[in-house]
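> Before I ask anything, let me first share the structure, which is written out below as structure tokens.
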Amino acid sequence: MVTSEQIKEAIRKHKLELPRLQKLYNYYIGKHAILDRKLPDPQKPNNKIVTAYPTIVIDTVMGYMASKPISYISRTNNEDLLEELHRIFYFNDEEDVNAEIVKSFSIFGKTHELYWVDETGNIRFRHYKPIEMYVEKDSRGEDLFAVRYWEEKNGDEKVIKVEVYDHEGIYSFKSQGDSYVFDEESREHYFGEVCVNTYFNNEEQIGDFEQFIPMIDSIEKMLSDSSNEIEAWVNSYLVLAGHEGTTGDDLKAMRQEGVLLLDKIDQAKFLTKEANTEFQSNFFETIDSLLHQQTNTPKLTSEDFSSNLSGVALGFKLFGLEGKSMVKERKMEKALRKRIRLITNILNKQGKQYDGYDIRFNFSRNIPQNEAEIVDQMVKLVHMVPLEELLSWHPRLQEIPSLIKRMKEQEDTINLDNVEQFKQENVNGQQ
């Protein structure tokens, strides 16, 4: 049973993480450091240009890895288990939840998923960002409990409400002075382990663009300063040599009429600072290239992707993105196994006899593919690889187990003897 002191310590640790997590989220939604920049002279231009690099990095990964739903395959062709899972997944919008999970752990380095059984006996799960939830672990890295807390108003008083999840139940607390007391009756969740699942982006729990925030800040400062210089050039001072007697009214009339009469042409000029546009352009292109290269985010709008590339050539250009996606996939598989295990724990308590180990996962990439080439490979390996595995290679085939079932039903309805007799009759008739 979790104590009040453990809750206080968990919330304290979570609040230490919040500044970093909030900064990562702010950069993803476009709230960058450049927006807070102030210049010593408030009269000078202070443009603030925000780039979309964090969004591009995350959305490219999502589009490549998570835009196609995960396929679930039974090692023993247990169609009853697959049907149960599909029903539960449909009820919980599993495809959308998976996409949000990939986005969240790509931003923050990790994210969480909560499971519970509702009043009607349905298994439910929901995704929570690490900003919203904290998981306490033991010295071996195993989950001890998780906490989710929020602030509510009780009249003029602010009360912190807390939900705690451990391996036995779900508990509700509220703040009372410096401690936390029970708010509602606890309830057992029946999952047999902590009913919170953590998805990791990598072993270090680092977000995809987190290490490159200084580069993003640098390029935004350069773009903003360039914009400032352009605006300063528009507002530059006019130097009138030898016209000391010029009054303010004269300057107003000159601006309105757009005419300046001088004896010599070099007696008037604008006072401007020359900008090294070539250096700025090279700097921008260098940082832009480094950001795409070091984040393994291909620049899909470049000329490299405009031609009709072969599958091998495209694979080399997407090599970095594919490698990053494979790491995410392995980490996600580990968490998905826990999701299946928790679900089967509840189903077995309802009288079923399912083995969560029976389910494996198939991830599909969202890239242009040569379907004829894929089919050719499938045909060549038809006697070497199981049919379910082969069909899962095709990018447009979904729900493989039910597809195989329909294929077998179709074969069973065909009387091969009648087919051969029909062919022979047609041949004889034509003669």
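> Which residue pairs have Cβ atoms closer than 7 Å, lie 6 or more positions apart in sequence or on different chains, and pair a first residue in region 219-237 that is closer than 17 Å to residue 34 by Cβ and among the basic types (Lys, Arg) with a second residue that is open to solvent by less than 50 Å² (accessible area, probe 1.4 Å) and at pLDDT 65 or above?
Partner pairs satisfying both residue conditions: 221/34.
> Does residue 97 fit the bill of being over 15 Å from the mean Cα position of the chain (by Cα) and among the hydrophobic types (A, V, I, L, M, F, W, C)?
So residue 97 fails the test.
> Being open to solvent by 10 Å² or more (accessible area, probe 1.4 Å) and part of a helix (DSSP H, G or I) is the filter; apply it to region 347-357 and report the residue that is farthest from residue 85 (Cα to Cα).
349
> Then there is this: Mind checking whether some residue in region 335-351 is over 30 Å from residue 190 (Cα atoms) and within 24 Å of the chain's Cα centre (by Cα)?
no
> Which one of these does residue 172 not meet: (1) assigned to a strand (DSSP E or B); (2) of a type outside the set (Phe, Trp, Tyr); (3) open to solvent by 70 Å² or more (accessible area, probe 1.4 Å); (4) free of Cβ contacts under 8 Å to residues at least 24 places away in the same chain?
(3)
> In region 138-160, what count of residues is obtained for those that are open to solvent by 70 Å² or more (accessible area, probe 1.4 Å) and assigned to a strand (DSSP E or B)?
Total meeting the criteria: 8.
> Within region 275-304, track down each residue that is among the charged types (D, E, K, R), modelled with pLDDT under 75 and open to solvent by less than 50 Å² (accessible area, probe 1.4 Å).
Here is the first cut: in region 275-304, the ones among the charged types (D, E, K, R) are 278, 285, 288, 299, 303-304.
Remaining after also requiring modelled with pLDDT under 75: 278, 299, 303-304.
Listed by number, the list is empty, since nothing qualifies.
> Is it true that residue 127 is touching a helix residue (DSSP H, G or I) at 6+ places or on another chain (Cβ under 9 Å), without any contact (Cβ under 8 Å) to a residue 60 or more places away in the chain, under 25 Å from residue 188 (Cα atoms) and crowded, with 20+ Cβ neighbours inside 10 Å?
Judged against the criteria, residue 127 is a match.
> Give me the residue from region 183-209 that is in contact (Cβ under 8 Å) with a residue 24 or more places away in the chain and not in a loop (DSSP other than H, G, I, E, B) and, out of that set, nearest to residue 171 (Cα to Cα).
That would be 196.
> Next question, about the same structure. Out of 12, 20, I need the residue that is open to solvent by 30 Å² or more (accessible area, probe 1.4 Å), in a helix (DSSP H, G or I), without any contact (Cβ under 8 Å) to a residue 12 or more places away in the chain and farther than 24 Å from residue 58 by Cα. Which one?
Exactly one of 12, 20 is open to solvent by 30 Å² or more (accessible area, probe 1.4 Å), in a helix (DSSP H, G or I), without any contact (Cβ under 8 Å) to a residue 12 or more places away in the chain and farther than 24 Å from residue 58 by Cα, namely 12.
> A further question on this structure: Please determine whether any residue of region 114-121 is crowded, with 21+ Cβ neighbours inside 10 Å and outside any helix (DSSP H, G or I).
Looking through region 114-121, at least one residue is crowded, with 21+ Cβ neighbours inside 10 Å and outside any helix (DSSP H, G or I).
The values are calculated or read from the model by the stated rules, or taken from the named source; none is laboratory data. Since the structure is predicted, the reported quantities are computational estimates derived from the model, not experimental observations. As a convention, Cβ positions derive from the backbone with ideal geometry for all residues, glycine included, and neighbour counts pool all protein chains shown. Only protein heavy atoms, including side chains, enter the accessible area calculation; ligands, DNA and RNA are left aside. Shrake-Rupley method; radii C 1.70, N 1.55, O 1.52, S 1.80 Å.
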